[in-house]
1. Which ones in region A:180-205 are away from every other protein chain (no Cβ under 14 Å) and either without any contact (Cβ under 8 Å) to a residue 40 or more places away in the chain or surrounded by fewer than 19 Cβ atoms within 10 Å (Cβ to Cβ) (or both)?
2. Any chance region C:66-83 includes a residue that's within 13 Å of chain B (Cβ to nearest Cβ) and more than 27 Å from C:R30 (Cα to Cα)?
3. With the condition being free of Cβ contacts under 8 Å to residues at least 60 places away in the same chain, I'd like the strands (runs of 3 or more DSSP E) fully within region C:187-276 carrying at least 2 qualifying residues.
4. For region A:86-93, does any single residue satisfy the condition of being touching a residue at least 60 places away in the same chain (Cβ under 8 Å) and assigned to a helix (DSSP H, G or I)?
5. Identify the residue in region B:170-202 that is in a loop (DSSP other than H, G, I, E, B) and buried (at least 22 other Cβ atoms within 10 Å of the Cβ) and, among all such residues, is farthest from the chain's Cα centre (by Cα).
6. Can you find a residue that is in contact (Cβ under 8 Å) with a residue 12 or more places away in the chain, out of contact with any strand residue (DSSP E or B) (no Cβ under 6 Å at 6 or more places or on another chain) and over 24 Å from B:T217 (Cα atoms) anywhere in region B:43-56?
Amino acid sequence: MTKKASWNLPYFIFLMIFVALPLVLILIYALQDGQGHFTLSTITRFFSDGDSLATFALSLEIAIETTILCILIGYPAAWILAGRSFNKSAVTAALFILPMWVNALMRTLATAELFNMLGIGLGKGTLLCGMVYDYLPFMIYPIYVSLSKMDKSYADVAEDLGATPFQVFFKVTLPLSKPAIWSGILMVFMPTVSTFAISEFLTNNKIKLFGTIIQENINSSMWNYGAALSLLMLVIICLTKVLSEDEKVAV
Amino acid sequence: MKKLLCKTYLAILLLLLYAPIIFIGVFSFTESKVLGNWTGFSTELYENLFFEAGSGNGLLRAIENTFIIALAAAFASTILGTVAAMGLKNLKGYKRRAMQFMNNIPMINPDIITGVSLFLLFLFLHVTQGYVSVILAHITFCTPYVVLSVMPQLIQMEPNTYEVALDLGARPSQALWKVVIPQLKGGMISGFILAFTMSLDDFAVTFFTRGTIGLETLSTYIYADARKGGLTPELRPLMTLIFLVVLILLLVRNIRINRNTTKAKA
Amino acid sequence: MAQDIIIDIRNVSKHFDGKVILEDINLQIRKGEFVTFLGPSGCGKTTLLKIIGGFKEPDQGSIYLNGKDLTGVPPYERPLNTVFQRYALFPHLDVYENIAFGLKLKNVPDKEIDKRVRKMLKLVSLTDYEQRDVDSLSGGQQQRVAIARALANSPQVLLLDEPLSALDRKMRLDMQIELKEMHDKLGITFIYVTHDQEEALTLSDRIIVINEGRIQQTGTPADIYNEPCNSFVANFIGDSNILNGTMIRDRKVNFIGHDFDCIDEGFGENTPVDVVVRPEDIYIMNRNDSCQFNGVVRSCTFKGVHYEMFVDTEEGYEMQIQDYNAFEPGTEVGMLIKPQDIQVMKKDCVCNSFDAEVLDENHVTFLGGRFECKIPREFKAGDTVCASVAFDKVGLMDYADEGELVGRVRFPLYKGDHYHLEIVTAGEALIYADTQEVYDNRDLVAISIAPKDIKISAKK
C-alpha cells in the first residue's frame, strides 16, 4: 500500500509546475518592472489610472448584475423543474443544461447576430442580456440538483407544523438551497467578472471589460502590467471564494 | 392554473435560450453571406464546409487542430488523473487536503487567470508556444475533472479488491489491469469525455498559450473571424451540426439513464 | 509433532504510530486445525491475519509455513488464500469468472478450470449460478462465492477475516454449520478471525483470545469457557460474575462476604484474587439451610430457554443468575455455588503504582500530571520515587478541567458491587479505577486524586 501512496508523485510534480508555479509567476511578474527589478509601480499605476479603475468598476457591476439576474430568472426555473408536479422533468432539465455544452463563443456570436438582425443596438443592455443567456444554465443546474435531491419531508414537516406554502418556501426550501445558490453564484460571477471575448462580441467593442484590458496588455507584451491586473483579478476571485465558503458553512 | 403558469415560464425561457441557436440553424440553409437575409433554401454552406471550407481551408484546419488537441489532452489527463486519484485515495490528513486544494485550483480559477499564468510559465521556462504548450495547458485544466470522475468509483470499490487479487495469485501489475482498472473504467470514460469537451470548448487558455506560430483552434478561429467583422457563413452549418450532435448524445444518455432506473425499479 | 505444524508464528510484533498492535506473538498451528483468533475490535487479530496472508510485514519476528520462512514472500506467492470481511467480489466478472480468476492467472487448462469451478460451486451449494452477475446475489450467496473463489486455488491454509459479520443472524448460523462441514470435508487448515465469542465457541478446534496485541489465552472452546485465565477472558467470553476475592488458603476463597470451598491451590495465603462464577453455575432456590448466601430477586427476564435474574445479596453484591426456574422480583432466595464452579484467577495488579518525580515538599509529577501530596522527609525535589494509589481512590470527573489528567475508559468490568475500569491516558499509560458510576467504553474522564491518597515510597 505504501507503494500506491507514491502514485501521488507524478501528479504532485505536475500540479507544482503547472498550477502552483504559474500563480507564483503572476505575483513575481506583477511586482517587477520591464528590467526585472522589484517594483510596486505596476500596482500604483492601476490605482492612479482613472480609465482602468472605471473599467474595473464596470466589470464588477456587470458581473454582479448578471449574477443577480441569473438568480432571479434561474431560481424559479430550477424550482419548477425540481417540483413534484413536474417529475418527468429529467429531459426538460437536460434541455436547460444542454447549451452549456455548446461552445460559448459560438453561442455568444449567434446572440450578437440575432440582436443585429432584430435591429437592437449593441451596448450595455445587450451585454447583460447576452451574459445572462450564456451563464443562466450554470445557475439553474446546481439549484436544480440541490432542490431535486432535497428531502421532501422537510417541506411536509413544515406544512404539518402549520406553515403556509409561502412560509414553507421562504423558511425551509430557500434556506436549504442556499449552498446551491452560492455554487451558482460562483459559477456565474467568476467567469463573468473575468470575461473578455464575450463582451467584445456583445458590444461590438464599444464596452471594454477588465478581462479585455488584461488580454490587450499581455498581447502587446506588457507582461508585467498584465500580470499585475491578473493578480488583482485573482484577489477578487479569492475573496468571492472565501465569502461563498463562509456562507456555505453558515448554513 | 399554477401548473400552466409554470409551464409557460419554462417554455418562454427555453425559447429564449434556444432562439440564437435556432436562428443560426435556420440560416445555415441559405446561401446569403449576411445573416438574417433569406435568399432561398440551399445546402451549399454545408457542402462548402465539408468539401471546400470556404476561407482557404482555415476552418477545416482549425477543426482538425481542435480535435487533435482535445484527444491528446483528454488521453493524457485521463491517465494522469486516474493515477492521481489512486494515490489521493491512500493519502490522509494534511497531505490529502493539500492535494485536493491544489486539484481544485484549476477548476475554480477563471480561464483568463489559468491562461495568463500558463503563458507566464512558458515565457519563464522559454518553452516555444504552440501545439505542445496548448496541450500541456489543456491537461492542466482537464485533469482535475478526471480526478473527480474517477474518485467516486475508487471509493465505491471494495477496499480489499487489490489485496484479494494478490491473494488469488495476481502480481501487482495483473491486479491493476485485470481487477482495478476494469472497475474504474466507467469513471475513466466519463472523465475522458468531460476532459474532451472541456478542451473542445476552451478559448481563453488556448488563446494565451498558442504562441505566435498561427495555431488556430475552432474557438480562436471564430474569435479572429468575428473580430474581422461578422461570422464566416460556413460557421453556421458547423454550429448547427455541433449542436445537433451534442443534443443527440445528451438525449440518448438521458433516455438510457431513465431506462436503467425504471429497469432497476422493476 | 514438528511434522504436524503448518504455520509457526515466532516473536511477531507490530507497531503503528508508536502504538503496539501486536506484541511478541508466538503460536503454532497444526495441519487441519480450525483455529480462531478471538478478540474485541482493534485487538490486533486482523493485523495478525494480514501478516500471515502477506499483506502486512511484521516489525519483528517471522511466519513459517511448513518450516519455511515467509518473510518477504508477496501474497501472490503464498499458498494461502483469504476470505475478506467485505467479500470484494469483482463486479466486472460473473460468478464463474470470479471463481476461475486465480486458476486463470496460473494458466491452468480451461478444462481443468471448468471442472474445478463446478466442484467449488457444488461445495458452496451454488450450482447453476455460474453466469449470474455478482451484484444480483444475496449477501449469503456473495459470501459463498468469495469462499469458493479462495478455495479454488487449493490453498494449504484458508484465512477468514470475520467472513460472516455482514450477514443476518439466521444466515450466519447456517453458514457456521456449512463452514464447519467444509472444513471437515476439505481437511485443510482454517484460520478464522472473529469478535463474536459464540461463533468462536461453535466453530473452533482451538481459540486464541487476543487483547491489546497480546495472546491472553489459548485453548479449546471448553477450556476457555470453563477456565478463563484472567478477568478479560472471563468477561469477553460468555456472561459471568467477576468479583474481587481473597484466597484464604489452598481450596478456600472468600468473596461477596462469605468463605467458599474451591479446588484451586497454590495462590498463597490471604492473596487478593479475581473470582469468576458463570451465571448458570449459581444454584438459586427458596431459602433453606443448604444455602451459602441469601438475597432478594431484583429482576427476572425470560431468555428463551432459561430465565435471567439479578439478585441483590444481603451483603450488597449484585449477582447474575441463569436458571430454568423463575423467581419473581422481590422473592427472598438462597444461593449456592459448588467448589468446581468457582474459577480463581491471579490479579494482574492490586494497586496503581507509577514512577514519579518529586517537584517540591508537597508536589509530585507522574503520567504528565502534577499532583499535591505529602512527601516523606527522606525525599527531596528531583528524586524519582514510586507513587501508589489504591483503585478506589482514583477520582473520576466528567470535565477535563476538573482533574490533573485526562484519559479514556477502556474495558469497564462490573464486579458485583462496583465497576473496575482501565483508563488509558493521553500518554498511553494505564490507570485502574474502582467506581460506583457507570462509564462506557471510550468515555473521556478527568482524573483527580486527593493528596492523602497518594502514597510515596522509595523506588524498587
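1. Residue satisfying the conditions is A:A180 alone.
2. The answer is no, given that none of the residues of region C:66-83 is within 13 Å of chain B (Cβ to nearest Cβ) and more than 27 Å from C:R30 (Cα to Cα).
3. Per the criteria, C:214-219, C:241-249, C:252-255, C:258-261.
4. No; the residues of region A:86-93 include none that is touching a residue at least 60 places away in the same chain (Cβ under 8 Å) and assigned to a helix (DSSP H, G or I).
5. Among those that are in a loop (DSSP other than H, G, I, E, B) and buried (at least 22 other Cβ atoms within 10 Å of the Cβ), it is B:A170.
6. Checked against the condition, which is being in contact (Cβ under 8 Å) with a residue 12 or more places away in the chain, out of contact with any strand residue (DSSP E or B) (no Cβ under 6 Å at 6 or more places or on another chain) and over 24 Å from B:T217 (Cα atoms), region B:43-56 yields at least one hit.
One line per residue, one yes/no per condition, for (1) more than 10 Å from every other protein chain (Cβ to nearest Cβ); (2) in contact with a Cys (Cβ under 6 Å, 6 or more places away or on another chain); (3) under 20 Å from A:T39 (Cβ atoms):
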site	(1), (2), (3)
A:I213	yes, no, yes
A:N219	no, no, no
A:M222	yes, no, yes
A:V242	yes, no, no
A:D246	yes, no, no
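Yes/no matrix, rows are residues, columns are (1) exposed (fewer than 15 other Cβ atoms within 10 Å of the Cβ); (2) touching a helix residue (DSSP H, G or I) at 6+ places or on another chain (Cβ under 9 Å); (3) at pLDDT 90 or above:
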position	(1), (2), (3)
C:K68	yes, no, yes
C:L80	no, yes, yes
C:V83	no, yes, yes
C:P91	no, yes, no
C:L103	no, yes, yes
C:N107	yes, no, no
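The values are calculated or read from the model by the stated rules, or taken from the named source; none is laboratory data. What you see is a predicted model, and the numbers here were worked out from it, not measured in a lab. As a convention, Cβ positions derive from the backbone with ideal geometry for all residues, glycine included, and neighbour counts pool all protein chains shown.
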